[in-house]
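Encoded as C-alpha cells, the structure appears first; notes follow it.
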Amino acid sequence: MRSILGLDLSLTSLGWFLQDGKKKPTYGSFKTSPEDGIDLKRYMIQRDRFVNLVNDYKIDHIGIEQPFLHSFNTEKLYALHQFVLEICYTRHIKIVYITPAQIKTYVTGDSNAGKNEMVFKAKESLGLVKERMNDDESDAYWVSVLANKFWQLYYKEISIEDLTEKEKFIFIKNKSKKPGILYKENISFFLFN
C-alpha cells in the first residue's frame, strides 16, 4: 500500500493524517500563532513542517482539502498552498484536491455537516475512544480516505464498479452531469511528473 498524506491546510492549525495501512493511526496538527512572527515566517514554519512529513514518511501522494474561494482567509490560504505546491512540484508529489462539500457529503450525506459531527464520524471510523482528534485532523483523515480511493481508481487498482454511489459522485460525475475529479487533471489533481 502506498502512503498517502491527507492535509487540511491552515496557517493556524494545519491538520494531517497518514494513510499507511498501519493499525495505529498517525496524525496530528501543526499550530502557529502571531507570536511566531509575521505571516511570512509562519508560512515558512508550516512549509518546513510539511517538508519534514514528506521526508519522514517518504510521501509521494497527497490529498488536500481544497480551500474555499472568497472567504475571509482566501489570500492567506492561497499563499500557504503556493508553498506546499512548490514542494510537491519540485519533488514530483502527486496531489488530488477534495472540496469541503465533497468530504461532508461523503461522510454524512449533508454538505453542510458541522465540525463536531465530522470529528465524531472520524473517531468512530478509526475506533478511537480516548484519543483526541481536532476538526483539522478529522478533515485531514477524510481527505486521506478519499485521496486513497482516488489514487486506487486512477492507477486502475479498483474499477468504477468498486466505488460507492457517493464515490462515483465525487470521482466520476456529479448531479449536474459535470465530470468528476478523475476527468479534471491539472484542475482537481496534479501528477507533477
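The values are calculated or read from the model by the stated rules, or taken from the named source; none is laboratory data. Everything numeric in this text was worked out from a predicted model, so none of it was measured. Cβ sites come from the backbone with ideal geometry, for glycine too, and all protein chains shown count toward neighbours. We work out accessible area using only protein heavy atoms, side chains counted, and drop any ligands, DNA or RNA first. Shrake-Rupley method; radii C 1.70, N 1.55, O 1.52, S 1.80 Å.
Collect the residues in region 131-154 that are of a type in the set (D, E, K, R) and over 17 Å from residue 10 (Cβ atoms), keeping them in residue-number order.
131, 132, 149
Please work out which one of (1) open to solvent by 30 Å² or more (accessible area, probe 1.4 Å); (2) at negative phi is the condition residue 96 fails and give its number.
The number of the failed condition is (1).
Looking at 174, 134, 186, which is the one that is modelled with pLDDT under 95 and under 28 Å from residue 87 (Cα atoms)?
Working: 174 fails: under 28 Å from residue 87 (Cα atoms); 134 fails: modelled with pLDDT under 95.
Unique residue meeting the criteria: 186.
From the list 84, 54, exactly one residue is under 13 Å from the mean Cα position of the chain (by Cα) and hydrophobic (A, V, I, L, M, F, W, C). Which is it?
After ruling out the rest, the residue left standing is 84.
Quick check: is even one residue across region 64-86 under 19 Å from residue 150 (Cβ atoms), in contact with a helix residue (DSSP H, G or I) (Cβ under 8 Å, 6 or more places away or on another chain), assigned to a strand (DSSP E or B) and touching a residue at least 24 places away in the same chain (Cβ under 8 Å)?
Yes.
Which one of the conditions (1) under 28 Å from residue 172 (Cα atoms); (2) within 13 Å of the chain's Cα centre (by Cα); (3) at pLDDT below 95 does residue 77 fail to meet, given that it meets all the rest?
All conditions are met except number (2).
Go through the residues of region 135-148 one by one and say whether even a single one is free of Cβ contacts under 8 Å to residues at least 24 places away in the same chain and open to solvent by less than 30 Å² (accessible area, probe 1.4 Å). Before you say what the answer is, go through the steps one by one.
First, pick out the residues of region 135-148 that are free of Cβ contacts under 8 Å to residues at least 24 places away in the same chain: none.
Checking region 135-148: not a single residue is free of Cβ contacts under 8 Å to residues at least 24 places away in the same chain and open to solvent by less than 30 Å² (accessible area, probe 1.4 Å).
Given 121, 130, which one is open to solvent by 70 Å² or more (accessible area, probe 1.4 Å) and not acidic (Asp, Glu)?
Result: 130 is the single residue among 121, 130 that is open to solvent by 70 Å² or more (accessible area, probe 1.4 Å) and not acidic (Asp, Glu).
For the condition surrounded by fewer than 19 Cβ atoms within 10 Å (Cβ to Cβ), under 14 Å from the mean Cα position of the chain (by Cα), over 16 Å from residue 8 (Cβ atoms) and free of Cβ contacts under 8 Å to residues at least 60 places away in the same chain, what is the one hit in 110, 60?
Numbers: 110 fails: under 14 Å from the mean Cα position of the chain (by Cα).
It is 60.
Within region 114-129, is there a residue that is touching a strand residue (DSSP E or B) at 6+ places or on another chain (Cβ under 8 Å) and under 24 Å from residue 60 (Cα atoms)?
no
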